[in-house]
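Report on one structure; see the data block that follows.
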Amino acid sequence: MSKILILGLDGLDYYLSKRWNVKHILQRFNGTFDVSDISILYTPLIWSSILCGYNVEKRGYNYNTAVKKSLGILGVFYNVKRKIIKKRTPFLRTMLIKLGLLKANFIMPKDLRKDSFLEILKNKGFKVYALEVPGYNEELNGKYRLKMHDIVTAKISIKKKFIECVKEDSLRRLREISFALEGYDVVMGYLPLPDLAHHLFYHSIKSKIFMYGLYRWLDSVVYTTLLKKAYELGFTVIILSDHGFLMERNTHSPYAFWSSNIPLVIKTYKDIKNQILKIIRK
Ligand SMILES: [Zn+2]
């Protein structure tokens, strides 16, 4: 049986990775896979669909139900508010964030979550570790999602400071994931980069240079902190994104990224679960 490491890099674009030669992240085998049948290319929905091997929207977990579920008890309050006050209420939103009531973390409903390959492997008796996987067990990602939307029109210096903070957290996550390699059979971790930076830096030469630097930084820290050790310990390594990024249009692309140190056949997000279960069976 091969041990397996899955690293999720949100919004990592295949063609930019090739152009900017992030050779460690590209590993030996790589390609794109299709996510276009998910009607809203929203991060938690795509990761949930990757984990389950089917389109979770078709099982009732779509953008609206996901947002409502993420609000918990506030969901009821929000519906009432929307009926009484039609326009947006940024003050209320800011207050809820400050009070820690609005979190924007997304976890699938239980009946879908049990179909995720992480739960299936856990039930088969494998030691499974998961860190901040959207749709599965994320706790901090929502905070960054909210903050990113708040500073889309802010000064460059504020955006850069925010990305520095996300980089710091990403490095901390990489260390934790790396530590887990020592005690687990299946290790999955997720970073909210480069997606958060793509949304803030997209329309100028300076933005391109910034993104180039970020891809290069990711390539270096992912290798030194995590991949090197994973290879040494004999792990099969799969790196995935949930979608790429079309910089000229400032939007998610309908294809995503995969790479591995072993040959895999991944044409759509629906193939990933089976490929992983097959590797573990060997
Ligand atoms: Zn995004």
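Each value in this text was obtained by applying a stated rule to the coordinates, not by laboratory testing. What you are looking at is a predicted structure, and each value in this text was computed from that prediction instead of being measured. Glycine also receives a Cβ, built like all others from the backbone with ideal geometry; neighbour counts cover every protein chain displayed.
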> Which parts of the range 102-145 would a label at Lys278 reach, counting a residue when its backbone N lies under 17 Å from a point 7 Å out along Cα-to-Cβ?
Replying inline: 117
>> Cut-off is 10 Å between beta-carbons; in what order do Ser17, Ser207 appear when sorted fewest neighbours first?
In response: Ser207, Ser17
>> For Cα pairs less than 8 Å apart in space and 6+ apart in sequence, what is the mean separation divided by the residue count of the chain, i.e. the relative contact order in percent?
In response: 41 percent
> Once you charge only the Cβ atoms, +1 for Lys and Arg and -1 for Asp and Glu, what is the size of the charge dipole of the chain about its Cα centre, to the nearest 20 debye?
Replying inline: 740 debye
> Hey, what did the range 147-210 get for relative contact order, percent, Cα under 8 Å, at least 6 apart?
Replying inline: 34 percent
> Applying 1/(1 + (r/R0)^6) with R0 = 45 Å to the Cβ-Cβ distance of Leu146 and Arg28, what FRET efficiency is obtained, to the nearest 0.05?
Replying inline: 0.75
> What is the range 1-64 by shape, rounded, prolate or oblate, if you read a ≥ b ≥ c off the alpha carbon gyration tensor as root eigenvalues and call it rounded for a/c under 1.5, prolate for a/b larger than b/c, and oblate otherwise?
Replying inline: oblate
> Which whole number in µm²/s is D for the range 147-209 by Stokes-Einstein, with the Kirkwood Rh taken over Cα pairs at 37 °C and 0.692 mPa s?
Replying inline: 247 µm²/s
>> Along the Cα→Cβ direction, 7 angstrom out, place labels at Glu182 and Asn137. What is the inter-label distance in nm?
In response: 1.9 nm
> In the range 198-261, with Lys and Arg counted as +1 and Asp and Glu as -1 at Cβ, which of these residues, Phe235, Tyr202, Asn261, has the Cα nearest the positive end of the dipole, that is, farthest along it?
Replying inline: Tyr202
>> Calculate the FRET efficiency for Thr65 and Leu233 from the Cβ-Cβ distance with a Förster distance of 41 Å, rounded to the nearest 0.05.
In response: 0.55
> What is the chain by shape, rounded, prolate or oblate, if you read a ≥ b ≥ c off the alpha carbon gyration tensor as root eigenvalues and call it rounded for a/c under 1.5, prolate for a/b larger than b/c, and oblate otherwise?
Replying inline: oblate
> For the range 218-282, what class follows from the C-alpha gyration tensor (a ≥ b ≥ c being the square roots of its eigenvalues): rounded when a/c is under 1.5, otherwise prolate if a/b is larger than b/c, else oblate?
Replying inline: oblate
> Stretched out fully, how many nm does the piece from Ser36 to Asn250 gain, at 0.36 nm a residue minus the Cα gap?
Replying inline: 75.4 nm
>> Using 19 Å as the Cα-Cα cut-off, could you pick out the over-long pairs in Lys143/Lys167; Lys18/Lys147; Lys167/Lys273; Lys18/Lys159; Lys23/Lys229?
In response: Lys18/Lys147; Lys167/Lys273; Lys18/Lys159
>> Among Val152, Val186, Val133, which one shows the highest mean-square fluctuation when the chain is modelled as a Gaussian network with alpha-carbon springs under 10 Å?
In response: Val152
> Taking neighbour Cβ counts within 10 Å as the exposure measure, how do Ser241, Ser253, Ser116, Ser49 sort from fewest upward?
Replying inline: Ser253, Ser116, Ser49, Ser241
> Out of the DSSP beta bridges found with both residues in the chain, what percent are antiparallel (nearest 5)?
Replying inline: 40 percent
> By counting other Cβ atoms within 10 Å of each Cβ, how are Tyr184, Tyr190 ranked from fewest to most?
Replying inline: Tyr184, Tyr190
>> I'd like the distance separating the alpha-carbon centroids of the range 1-38 and the range 229-252, in whole Å.
In response: 3 Å
